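Scroll down for the structure; my scribbles are underneath it.
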Amino acid sequence: MLSRPNRSKDTLRDRILHVLSGAPIPMDVENVRIKSGLKNWESTKALLLELVVEGIISGQKTTKSWVFWIDHTGRNHA
């Protein structure tokens with residue numbers, strides 16, 4: 001059984017994945033944070049980067065920040 005913090009983290013990750021799965025274009029951290037109902041920008045970015053490292057979502061550093069998306073074509077992220 002997962003401890004309470006892990007269950008909470010999994011719920012936040014699920015909310016982020018739900019938002020990205022419905023996004024027609026890549027989203028920045030702030031838009032993901034707002035649409036998923038998260039409070040803290042840094043925590044949102046950390047969770048997004050964890051998902052990228054795990055290969056669950058794709059992400060790319062731009063000149064201003066990061067953008068994230070789910071690759072619906074089945075290809076790996078760039």
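Relative to the longest principal axis of the Cα atoms of the chain, helix 41-53 runs at roughly 70 degrees. Which of (i) 33, 23, 7; (ii) 20, 15, 12; (iii) 22, 18, 10 is the computed semi-axes √(5λ) of the Cα gyration tensor in Å for the structure on display? Structure-derived value, by its label: (ii).
For the ranges 61-71, 42-52, 14-24, what's the packing order if you count other beta-carbon atoms within 10 Å of each residue, average per peptide, and put the highest first?
Values: 61-71: 13.1, 42-52: 16.8, 14-24: 14.7.
Descending packing order for the listed peptides: 42-52, 14-24, 61-71.
Here, each number is a calculation from the coordinates, and none is a lab measurement. Remember, predicted model here, so these are calculated numbers, not experimental data. Glycine gets a Cβ as well: all are built from the backbone with ideal geometry, and neighbour counts include every protein chain shown.
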